[in-house]
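Below: one structure, written as structure tokens.
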Amino acid sequence: MLNKRTLPAIAALAASLGALGAPAQAQLTEAPAPAAYALQNVTLVHADGTTQPGVTIVVRRGFVAAIGTDVAPAPDARVLQGDSLFVYPGLVDGDGEADYEFPKVEFERDELAFWAPPRDAQGFMPHRRVADHLTALGSDVADQRKAGVVAAAVHPSGPLLPGRGSVLLFRASAETPAGLVLQPVLGPAMSLRGASGMFPSTLFGTAAVIRQGFEDARHHGLVLAAHQQDPQGMKAPAWDPDLDVLRDAMTGGVRVFFRADRALDIRTVLAMAEEYGFQPVIVGGAEAWRVAGELRERGVPVLVSLDFPEPERWDPDEEPDSAAADQEEELVPAAERERVRLENIYANAGRLAQAGVTFALTSGGGEAGLLEGARKAIEYGLTEQQALSALTATPAAMYGVEYLVRIAEGMPATFVVSDGPLFGDESAIRYTFVEGGLEAGREKREPAEEPAVDVTGVWDISIDAGEQSFGGTMTLTQDGAEFTGTMELDIGNVRISDGLVSGNEITFQIRYMDAGESATGEVEGTVEGDDAEGSGTSPDGRFTWTAKRTGMPGEAVR
């Protein structure tokens, strides 16, 4: 697994076999797509909530060719029977995820003046663009399409000013990263998160560095203007792409996507925006409800993360009285504090809606399920129509791609099909169309046995791939019999999907980058308490693994 030394040999062998056994003419390995698709007798729900029952939709050559109650599908169309199906605009994730790799910043820490580090060590690099370093292909975002996501804004993460994001359209046909890019550049991402082991590492320090960056950009602009007006006695100022981005933000040319959760941090962002004239968008905004009035008055939108923390002491499924009785007395106050904190987070979107704040619901740049999170927000005060708008029309308008959520004749066929009302507990995505390309939804899998273990937790994992051994941490989250997660290994990051628990046996799929290309593998294992072991296969061969649970997601490191 992930063994770079085996790649040349495998590639050479594959080329030799291909040359020996290649047929004279190319063979079709998959059935060609039908000339057209037809959805008959579906309930069409537009982004504004307008509902049309008994509609037939015909998709041809990537566009909606016909739509109406009196439309008959053409003879060459593949008919998707829809007496109980619902058609909605596709979900637009305003703070989504796709694979990209910024060049690693190399520096000698021992030789670095930690009180005055260079920009790249601090994370002050707004000139970088996700689009220039995107590695994802259409196949890599299939899981998101299966979940109804048709497009996403991907903002870089990291301290201070890590770069600028891009809007991606999740085309299944994209064979290069460029094929996913809809808008190559957005405004800069910013954060009050400090650098590691160097200045700035405190809220005061990060705010000071960002303010100084805006001051430097302002001064640099004045020098440029003076030189352009009269260069006599002046040397031409050096080009500074970072300051160019900040100056563009100060003139209102682009929005600034500022990641902030605490009310204190959000107020700090609002004060900076007023001081330097940029237009902020709050990303995350867990406590945005506490400053809803200020956000509304200033017209500042919020990208609300649905990546909710998991309860650790409070059990939402138990009645308060019985929950208290089952807990040790000294833990009851902690459980109550957690309940209040989490319920405030769940109710955040509903309170913003009630206050008149513009907001979109997002996955938080991670693995959070949009529909699952939206259902939780609906449970805590958001209406279904508000949730639909926050997943479709609002983020589409925010990024200037309103057409993506329009379902009408002549428009690109980009929408989702569910087997019930979108926010129903038992509803699932059956099909997702992106510019006419159909992706079947994720089938609900049933384990052979009821789950006997819960794999949720943070695990120390060791992997033995024969010539190569490495380790790291694995974080898993289980819901029913299914689970997802990530691995942070010594040699790179791995995404875990399609996890299933049957008895004490588990299976899951891994996806990772190998020599710049996406690779997948299949893994199986058994779990006994806090210990697990198993084996797997990848394009680099077979491997074995062992793991030990050391804590739960979100727990403070001791």
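Does R445 meet the test of being open to solvent by 60 Å² or more (accessible area, probe 1.4 Å) and modelled with pLDDT under 90? Against the criterion (open to solvent by 60 Å² or more (accessible area, probe 1.4 Å) and modelled with pLDDT under 90), R445 qualifies. Before we move on, is L182 within 17 Å of the chain's Cα centre (by Cα) and open to solvent by 40 Å² or more (accessible area, probe 1.4 Å)? When the stated conditions are applied, L182 passes them. Considering A249, A195, A226, A189, the condition of being over 30 Å from G62 (Cα atoms) and in contact with a Ser or Thr (Cβ under 7 Å, 6 or more places away or on another chain) is satisfied by A195 alone.
I'd like to know if region 203-212 contains one or more residues that are of a type in the set (V, I, T) and not in a helix (DSSP H, G or I). No, region 203-212 contains no residue that is of a type in the set (V, I, T) and not in a helix (DSSP H, G or I). Filtered by the rule that a residue be assigned to a helix (DSSP H, G or I) and of a type in the set (S, T, Y), region 239-287 gives T268, Y276. In region 521-541, of all residues being over 23 Å from A452 (Cβ atoms) and either of a type in the set (A, V, I, L, M) or surrounded by fewer than 18 Cβ atoms within 10 Å (Cβ to Cβ) (or both), the one that is modelled with the highest pLDDT corresponds to T537. Note on region 219-238: among residues that are outside any helix (DSSP H, G or I) and hydrophobic (A, V, I, L, M, F, W, C), the one that is nearest to A273 (Cα to Cα) is A238.
Within region 145-167, the set of residues being in a strand (DSSP E or B) and farther than 21 Å from G253 by Cα comprises V149, V150, A151, A152. Of the candidates V453, V523, the single residue that is in a loop (DSSP other than H, G, I, E, B) and either in contact with a strand residue (DSSP E or B) (Cβ under 8 Å, 6 or more places away or on another chain) or in contact (Cβ under 8 Å) with a residue 40 or more places away in the chain (or both) is V453.
Name every residue in region 52-82 that is β-branched (V, I, T) and outside any strand (DSSP E or B), in order of residue number.
Selection gives T69, V71.
Residues that are part of a helix (DSSP H, G or I) and of a type in the set (A, V, I, L, M) within region 393-425 comprise A393, A396, A397, M398, L404, V405, listed in sequence order.
Residues checked against (1) open to solvent by 10 Å² or more (accessible area, probe 1.4 Å); (2) more than 30 Å from P421 (Cβ to Cβ):
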| residue | (1), (2) |
| --- | --- |
| L134 | yes, yes |
| G148 | no, no |
| G158 | yes, yes |
| L161 | no, yes |
| G165 | no, yes |
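Is it the case that D216 is under 30 Å from L295 (Cα atoms), open to solvent by 10 Å² or more (accessible area, probe 1.4 Å) and modelled with pLDDT under 95? Yes; evaluated as a whole, the condition is true for this residue. The numbered conditions (1) farther than 28 Å from D48 by Cα; (2) in contact with a helix residue (DSSP H, G or I) (Cβ under 8 Å, 6 or more places away or on another chain); (3) modelled with pLDDT of 95 or more; (4) open to solvent by 10 Å² or more (accessible area, probe 1.4 Å) are all true for R129 except (2). Against the numbered list (1) touching a Leu at 6+ places or on another chain (Cβ under 8 Å); (2) farther than 21 Å from S191 by Cβ; (3) assigned to a helix (DSSP H, G or I), D216 comes up short only at (2).
Considering only region 296-307, state which residues are in contact with a helix residue (DSSP H, G or I) (Cβ under 6 Å, 6 or more places away or on another chain) and either assigned to a loop (DSSP other than H, G, I, E, B) or closer than 16 Å to R262 by Cβ (or both).
So the first thing to find is which residues in region 296-307 are in contact with a helix residue (DSSP H, G or I) (Cβ under 6 Å, 6 or more places away or on another chain), and the list is 296, 302, 304, 306.
Answer for region 296-307, where residues must be in contact with a helix residue (DSSP H, G or I) (Cβ under 6 Å, 6 or more places away or on another chain) and either assigned to a loop (DSSP other than H, G, I, E, B) or closer than 16 Å to R262 by Cβ (or both): V302, V304, L306.
The listed residues are A335, A349, A323, and the only one of them that is open to solvent by less than 60 Å² (accessible area, probe 1.4 Å), of a type in the set (G, A, S) and at pLDDT 95 or above turns out to be A349. T477 fulfils the conditions (1) in contact with a Phe, Trp or Tyr (Cβ under 7 Å, 6 or more places away or on another chain); (2) farther than 15 Å from G369 by Cα; (3) open to solvent by 20 Å² or more (accessible area, probe 1.4 Å) except for a single criterion, (2). Condition check: buried (at least 19 other Cβ atoms within 10 Å of the Cβ) and without any contact (Cβ under 8 Å) to a residue 60 or more places away in the chain. Does A225 satisfy that? Answer is no for this residue. Restricting region 68-108 to residues that are aliphatic (A, V, I, L, M) and more than 32 Å from the chain's Cα centre (by Cα) leaves a set whose member that is surrounded by the fewest Cβ atoms within 10 Å (Cβ to Cβ) is A72.
Restricting attention to region 459-472, the residues that are in a strand (DSSP E or B), open to solvent by 20 Å² or more (accessible area, probe 1.4 Å) and in contact (Cβ under 8 Å) with a residue 40 or more places away in the chain add up to 3.
So which of I429, I378, I461, I407 is touching a Leu at 6+ places or on another chain (Cβ under 7 Å) and at pLDDT 90 or above?
I407
With the structure loaded, tell me whether V357 is β-branched (V, I, T), outside any loop (DSSP other than H, G, I, E, B), modelled with pLDDT of 95 or more and buried (at least 22 other Cβ atoms within 10 Å of the Cβ) or whether it fails that test. No, not satisfied.
The values are calculated or read from the model by the stated rules, or taken from the named source; none is laboratory data. Only a predicted model underlies this, so the values are computations on that prediction, with no experimental measurement involved. Glycine also receives a Cβ, built like all others from the backbone with ideal geometry; neighbour counts cover every protein chain displayed. Each accessible area value is taken on the protein alone, full model and side chains, heavy atoms only, with ligands, DNA and RNA left out. Shrake-Rupley method; radii C 1.70, N 1.55, O 1.52, S 1.80 Å.
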